[in-house]
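FYI, it's all coordinate maths here, none of it is from the lab. Because the structure is predicted, anything quoted here is derived from the model rather than measured. All Cβ positions, glycine included, derive from the backbone under ideal geometry; neighbour counts span all protein chains shown.
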Amino acid sequence: MWYVVQVRTGTEESIRSQCENHISEAILDRCFIPYYEEKRRIRGEWTLKRKVLFPGYIFVVTEYLEDLYEKLRTVIGMTKVLKTGEAFVPLSEKEVDFLKDFGGEEQVVEMSEGVIENDKILVQFGPLMGREGLIKKIDRHKRKAYLELEMFGRIMKAEVGLEIVAKMEEVGRY
């Protein structure tokens with residue numbers, strides 16, 4: 001089962017590392033942080049950078065949640081397994097499938113590429129292809145798309161890389 005652990009934003013990598021080093025593989029199958037790629041201009045050169053897709057969250061895969069919960073208490077830094085009421089809630093099968101499809105095995109959402117045609121975004125390449133409905137806003141200058149996703153039982157905002165390569169306007173009809 002996949003679970004979400006809330007951590008202090010900026011400490012995701014440190015807590016992931018502590019989990020992998022201090023919790024046995026018998027309890028913790030996998031611990032990861034989903035990332036996304038974005039293009040950044042550094043000294044006149046476009047470079048790909050990786051950023052955390054869901055700041056303040058890490059993901060754990062385990063069949064032994066109670067044991068994992070006890071071990072998380074030894075991790076330095078604020079950690080809290082997300083729950084509803086008193087019950088720990090794993091990600092739904094739909095959410096797990098989305099994350100596997102969107103980020104791949106490495107859990108890195110690659111840059112997408114698309115065009116704007118008559119004020120509509122058409123993604124031609126990348127993980128956003130066919131998921132244009134998730135896009136709430138784009139920033140062409142920063143090459144980013146701002147998404148709203150239903151995850152963890154709430155609406156989550158996320159950023160991913162999107163490069164718009166062309167803007168086509170329909171010629172006015174008279």
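For this structure, a couple of remarks:
- Each residue, Lys136 and Tyr64, gets one label point 7 Å from its Cα in the Cβ direction; the gap between the two is 4.0 nm.
- For the cross-link pairs Lys83/Lys137; Lys100/Lys136; Lys49/Lys120; Lys83/Lys142, the ones whose C-alpha atoms lie over 32 Å apart are Lys83/Lys142.
- For Leu53, the amide hydrogen comes within under 5 Å of the amide hydrogens of Tyr35, Tyr36, counting only partners 5 or more places away or on other chains and with H modelled in the peptide plane.
- Once C-alpha pairs closer than 8 Å and six or more residues apart are averaged by separation and normalised to the residue number of region 1-134, the relative contact order reads 29 percent.
- Evaluated over region 26-108, the Cα radius of gyration and Dmax, each in Å: 16.0, 52
- Label selected from [x] 51, 19, 10; [y] 36, 18, 12; [z] 20, 19, 16, the criterion being semi-axes √(5λ) of the Cα gyration tensor in Å as computed here: [y]
- Length gained when the stretch Gln124-Ala26 is fully extended (0.36 nm per residue, less Cα-Cα span): 31.1 nm
- Cα-centred dipole magnitude for the chain, charges only on beta-carbon of K, R (+1) and D, E (-1), debye, nearest 20: 940 debye
- Listed values for region 19-34 are Karplus-derived 3J(HN,Hα) couplings in whole Hz (6.51 cos²θ - 1.76 cosθ + 1.60, θ = phi - 60°), namely 4, 5, 7, 9, 10, 5, 5, 5, 9, 9, 5, 7, 9, 8, 10, x, and x replaces Gly and Pro.
- For the chain, the mean residue ellipticity at 222 nm estimated from helices alone is -5000 deg cm²/dmol, where every DSSP H run of n ≥ 4 contributes -39500 (n - 2.57) and the total is divided by all residues, rounded to the nearest 500.
- Integer Hz, Karplus 6.51/-1.76/1.60 couplings in order for region 132-147, x for Gly and Pro: 4, x, 6, 6, 9, 7, 10, 10, 5, 5, 8, 6, 9, 10, 9, 10
- Residues in region 102-144 reached by a label modelled at Arg41 [backbone nitrogen below 20 Å; 7 Å Cα→Cβ]: 111-116, 138-144
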